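Trainee: Pasting a structure below so you can have a look.
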Amino acid sequence: MKTALVIGGTGPTGPGVVSGLVERGYDVTILHTGRHEVDTLPPEVPHIHTNPFRIDEVEEALGNATFDVVYAMYGRLRDLAPYFVGRCGQFIAVGGIPVYRGYARPAENWPRGLLMPLRESSERAVNDANDKVAKIVATEDVLFEHHPDATIFRYPLIYGPEQINPREWLIVRRIIDGRRRIIVADGGLTLRAAAYGPNAGHALTLAADHPEVAAGKAYNISDEHTLTARQTIQVIAAALAVELDIVNLPGELATPARPFLGEEESLHRAMAPDLMIAELGYRDKVGVVEAVGLTARWLAENPVRRGSTKERRMQDPFDYDAEDAIIDAYRSSIGKAAELAAAFDPDFRGRYSPGSDDWRLVDAKN
């Protein structure tokens, strides 16, 4: 029986990795702090409780143990990678998409922002002035320096049960509070890469199925389809059986929408999982619309405690009076512009002729 060590394993993606490995016949052990236990792990899997951020404590806990595969999903990867040289056959790690140039600092690129979709061949943020991003890039380099055949999965926003920063809560709480007006920026058309926790966990297990293919590779993780911010809000509302007035404001005025976007600008941050699909045979276990709906209902049944550290980390003041004041002021100020826009008709619109085989365009007025 092959052996596997999962460092972490109790977050939104870990149970999928652990269960997937058990199903494949691995003898799995998880190593984590023990502060966060979940009931979604196979009961037969043993736990080693130690601090994955202290390599001396990891060494004390593991002794001379070796493993066929190690999943480094938590802890300090730049210390774990050197430690496991000679102690495992396959080393699989989790990183993040801020590794790409322009993700954290859009002005670094021209045109401003990222070219969509991000691919594994996109330029990394080498020598980035953002210290956190620089560490992510350097950690990837340390990983492949010590494990040339390693595999790293670059995580986007992860959502679903047990997520530490559940973006969907920002909408779910408003609905629970009776709020029915939701502000979006620039039409709510922003694309932000995301992966449902069980989908991401499933993706990681595929590297164990294809070790030779995955060796030395970085893979972008994302659901197969990416919803816009507006679509995500619409799916959440439908899952909770409410109708919302989704209010569009220009990005510079839509400040209440920024916590949900996770950014100050409504630039796209999406990436394609094409390489993972082509090489590892990845497919979503749960489609994105169903996954967002499941997440919304789970949060409604397991609400984040109001004013908790977890909620404050999301940096949303939930100031509904201020939101209403912004909406009312905007709507009252655009009257003349709306009249002028309605009167402006360049007559460019067309539509496909119904029933036409040659896709002939006809005047929309007809």
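The values are calculated or read from the model by the stated rules, or taken from the named source; none is laboratory data. None of these values were measured; they are calculated from a predicted model. FYI the Cβ positions are ideal-geometry reconstructions off the backbone, even for glycines, and counts take in every protein chain you see. Please note that ligands, DNA and RNA were not included when accessible areas were found on the heavy atoms of the full protein model with its side chains. Shrake-Rupley method; radii C 1.70, N 1.55, O 1.52, S 1.80 Å.
Trainee: Go through (1) touching a Leu at 6+ places or on another chain (Cβ under 9 Å); (2) assigned to a loop (DSSP other than H, G, I, E, B); (3) surrounded by fewer than 17 Cβ atoms within 10 Å (Cβ to Cβ) and name the single condition PRO161 misses.
Mentor: That leaves (3) as the condition not met.
Trainee: Only one residue in LEU253, LEU267 is over 18 Å from ALA296 (Cα atoms), part of a loop (DSSP other than H, G, I, E, B), open to solvent by 30 Å² or more (accessible area, probe 1.4 Å) and in contact with a Gly (Cβ under 6 Å, 6 or more places away or on another chain). Which one?
Mentor: Checking each option against the conditions leaves just LEU267.
Trainee: For VAL70, which of the numbered conditions (1) within 10 Å of LEU31 (Cβ to Cβ); (2) within 28 Å of the chain's Cα centre (by Cα); (3) open to solvent by 30 Å² or more (accessible area, probe 1.4 Å); (4) not polar (S, T, N, Q) fails to hold?
Mentor: Single failed check for VAL70: (3).
Trainee: Then there is this: Could you check the range 1-26 and list, in sequence order, the residues that are assigned to a strand (DSSP E or B) and surrounded by fewer than 21 Cβ atoms within 10 Å (Cβ to Cβ)? Before you say what the answer is, go through the steps one by one.
Mentor: The first filter runs over the range 1-26 and keeps only residues assigned to a strand (DSSP E or B), leaving 3-7.
THR3, the sole residue that qualifies.
Trainee: In the range 80-109, which residues are of a type outside the set (A, V, I, L, M), outside any helix (DSSP H, G or I) and under 19 Å from SER122 (Cβ atoms)? Step through it out loud before you land on a result.
Mentor: Initial filter on the range 80-109 (of a type outside the set (A, V, I, L, M)): 82-84, 86-91, 95-96, 98, 100-103, 105-106, 108-109.
Filter again for outside any helix (DSSP H, G or I), leaving 84, 86-91, 95-96, 100-103, 105, 109.
Matches in the range 80-109: GLY95, GLY96, TYR100, ARG101, GLY102, TYR103, ARG105, ASN109.
Trainee: Tell me yes or no: at least one residue of the range 33-43 is surrounded by fewer than 21 Cβ atoms within 10 Å (Cβ to Cβ) and over 26 Å from the mean Cα position of the chain (by Cα).
Mentor: To start, the set of residues in the range 33-43 that are surrounded by fewer than 21 Cβ atoms within 10 Å (Cβ to Cβ) comprises 33-43.
Subset that is over 26 Å from the mean Cα position of the chain (by Cα): 43.
So far as the range 33-43 goes, yes, one or more of its residues are surrounded by fewer than 21 Cβ atoms within 10 Å (Cβ to Cβ) and over 26 Å from the mean Cα position of the chain (by Cα).
Trainee: Can I ask one more? Out of the residues in the range 315-333 meeting the condition of being surrounded by fewer than 11 Cβ atoms within 10 Å (Cβ to Cβ) and modelled with pLDDT under 95, tell me which one is nearest to ILE175 (Cα to Cα).
Mentor: SER332
Trainee: Considering only the range 270-302, state which residues are under 21 Å from ARG124 (Cα atoms), out of contact with any helix residue (DSSP H, G or I) (no Cβ under 7 Å at 6 or more places or on another chain) and either assigned to a helix (DSSP H, G or I) or open to solvent by 60 Å² or more (accessible area, probe 1.4 Å) (or both). Step through it out loud before you land on a result.
Mentor: Keep residues of the range 270-302 that are under 21 Å from ARG124 (Cα atoms), which gives 270-276.
So of that shortlist, the ones also out of contact with any helix residue (DSSP H, G or I) (no Cβ under 7 Å at 6 or more places or on another chain) come out as 270, 272-275.
Listed by number, the residues that qualify are ASP274, LEU275.
Trainee: Further question: Return a yes/no flag: does the range 182-190 have any residue that is part of a loop (DSSP other than H, G, I, E, B) and under 22 Å from GLY113 (Cβ atoms).
Mentor: If we filter the range 182-190 for residues that are part of a loop (DSSP other than H, G, I, E, B), which is where we start, we get 189-190.
The next check asks that each one be under 22 Å from GLY113 (Cβ atoms); those that pass are 189-190.
Yes, the range 182-190 contains a residue that is part of a loop (DSSP other than H, G, I, E, B) and under 22 Å from GLY113 (Cβ atoms).
Trainee: Then there's this: Within the group LEU143, LEU206, which residue is crowded, with 23+ Cβ neighbours inside 10 Å and outside any loop (DSSP other than H, G, I, E, B)?
Mentor: Working: LEU206 fails: crowded, with 23+ Cβ neighbours inside 10 Å.
It is LEU143.
Trainee: Report whether or not ASP186 is surrounded by fewer than 21 Cβ atoms within 10 Å (Cβ to Cβ), in contact (Cβ under 8 Å) with a residue 24 or more places away in the chain and over 30 Å from HIS36 (Cβ atoms). Steps first, please.
Mentor: On the way: surrounded by fewer than 21 Cβ atoms within 10 Å (Cβ to Cβ): yes; in contact (Cβ under 8 Å) with a residue 24 or more places away in the chain: yes; over 30 Å from HIS36 (Cβ atoms): yes.
Yes.
Trainee: For the range 309-349, give me every one of the helices (runs of 4 or more DSSP H) that falls completely inside it and has 3 or more residues that are among the hydrophobic types (A, V, I, L, M, F, W, C). I'd like the intermediate steps shown before the answer.
Mentor: Working: elements: 309-312, 320-333, 335-343.
Where helices (runs of 4 or more DSSP H) fall fully within the range 309-349 and carry at least 3 residues being among the hydrophobic types (A, V, I, L, M, F, W, C), they are 320-333, 335-343.
Trainee: While we're on this one: Can you name the number of the only condition in (1) open to solvent by less than 30 Å² (accessible area, probe 1.4 Å); (2) among the aliphatic types (A, V, I, L, M); (3) in contact (Cβ under 8 Å) with a residue 60 or more places away in the chain that MET116 fails?
Mentor: (1)
Trainee: Still on this structure: Going by the structure shown, is ARG312 open to solvent by 10 Å² or more (accessible area, probe 1.4 Å), touching a strand residue (DSSP E or B) at 6+ places or on another chain (Cβ under 6 Å) and free of Cβ contacts under 8 Å to residues at least 60 places away in the same chain? First the steps, then the outcome.
Mentor: On the way: open to solvent by 10 Å² or more (accessible area, probe 1.4 Å): yes; touching a strand residue (DSSP E or B) at 6+ places or on another chain (Cβ under 6 Å): no; free of Cβ contacts under 8 Å to residues at least 60 places away in the same chain: yes.
Judged against the criteria, ARG312 is not a match.
Trainee: Further question on the same structure: Answer yes or no as to whether ARG192 is of a type in the set (D, E, K, R), under 28 Å from ALA296 (Cα atoms), in contact (Cβ under 8 Å) with a residue 12 or more places away in the chain and loosely packed, with under 15 Cβ neighbours inside 10 Å. Steps first, answer last, please.
Mentor: On the way: of a type in the set (D, E, K, R): yes; under 28 Å from ALA296 (Cα atoms): yes; in contact (Cβ under 8 Å) with a residue 12 or more places away in the chain: yes; loosely packed, with under 15 Cβ neighbours inside 10 Å: no.
So ARG192 does not fit the description; no.
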